[in-house]
Each structure stands twice: as structure tokens, then as C-alpha cells.
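Here, each number is a calculation from the coordinates, and none is a lab measurement. Keep in mind that what you see is a predicted model, and the values were worked out from it rather than measured. For neighbour counting, all protein chains shown are included, and Cβ atoms are generated from backbone atoms with ideal geometry for every residue, glycine included.
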Amino acid sequence: MAIEIFVADEQTDRPVETLRWVSLAEAVIKAEGVRGDVELSLLFVDEAAMADLNKRFLGKDGPTDVLAFPIDEEPIEGGRSPDSGGSGPGYVPAEPADLPTLLGDVVICPRVAEHNVEKGVHDDRATTFDDEIALLVVHGILHLTGMDHIDEDEAEVMEHRERELLEQFHKRP
């Protein structure tokens, strides 16, 4: 099993240790039993970019701390172009089982995470900036693997799993 995590810190408000969060993401993906080759994008953005995503995809105003965008489409077979293969000589189409699982994108706003800590939003699970970022990484990945918190029972199950994963994998500085 290969796990590919593409990470980008696209903001300058509150720099983050990207490699640290890649390691946490890999551990969570393995712990959640995702099988085969997996790809995930982990993006850190500023408040303006997060507010734009929040408005476009959830219809809500202002920035939020984390958004998760699962990729739940079936693989698209390539056509005849240099980049996507084709049915020319020697072409062997990939079996669906050979293709990586495109888990999705987790987008985090470090500035909102910082505000969460100041306000004590997640005091039961995160009391420092690093704790908050760790929580948001775990939370986003759990969304991508199918967990949600729409009703109280789902929220309780998700928060319990977050605590377990943070306890097991979040190394405090």
C-alpha cells in the first residue's frame, strides 16, 4: 500500500510544519483501514480563500476551520492523447483495482484554527495551536472516510474516534 499525500501551505498568516501533518495524515489513513494505493491533498489556506470555498460549496459566509472534499467519482478512462494513454500499440488499460483511491482534499485555515484555540472552541480535544491543527487534519480525513456529525449520535461517534486517533498519533512538541 502506498499513500501519497500532496501538501501545500498556501498562506502566510500562520506557517505550519507541513511534513508533521503529512505524517499524521498517513497514520490516520492507515488506522482507518483505507486499502490499496491512496492519494490525499492537504491544503493550508488563508481566511479569504477559506471564506470563498465555504460560500461556494456550503453556501455559508465567512471562513471556517476545515473543509473536506471527498472524491467519489469512478475513475475516468483516458482517451487518445499523449497524457491520457489510448489504444495504440502496447497499450494495456489499468484495472480499476490498480488505480489509486483518490480520497479527496482536506483544506485547513490556520488563522481560524488559531482563533479556535483563543476562544476555547475545542478545549476538550485541542488546547494549543498544534493540537487544533492535528484535530482538523484528523477531522477532515474522517469526513473523507465517511464519518459525519450531522446528528448528535454521529457527532458523538466521530468525536470519540478523533480522541482515539489523536491520543495514538498526535505527538506534541
Exercise. Karplus couplings for segment 149-161 from phi (6.51 cos²θ - 1.76 cosθ + 1.60, θ = phi - 60°), rounded to Hz, Gly and Pro as x?
Worked result: 9, 5, 10, 4, 5, 4, 4, 5, 5, 5, 5, 4, 5
For this session: Extending each Cα 7 Å along its Cβ direction at LYS30 and PHE6, get the distance between those two points in nm, one decimal.
Result: 2.4
Exercise. When a footprinting reagent is the concern and you count Cβ atoms within 10 Å, what order do LEU24, LEU136 take, fewest first?
Worked result: LEU24, LEU136
Seminar exercise, completed: A correct fewest-to-most ranking of ILE29, ILE133 by other Cβ atoms within 10 Å would be ILE29, ILE133
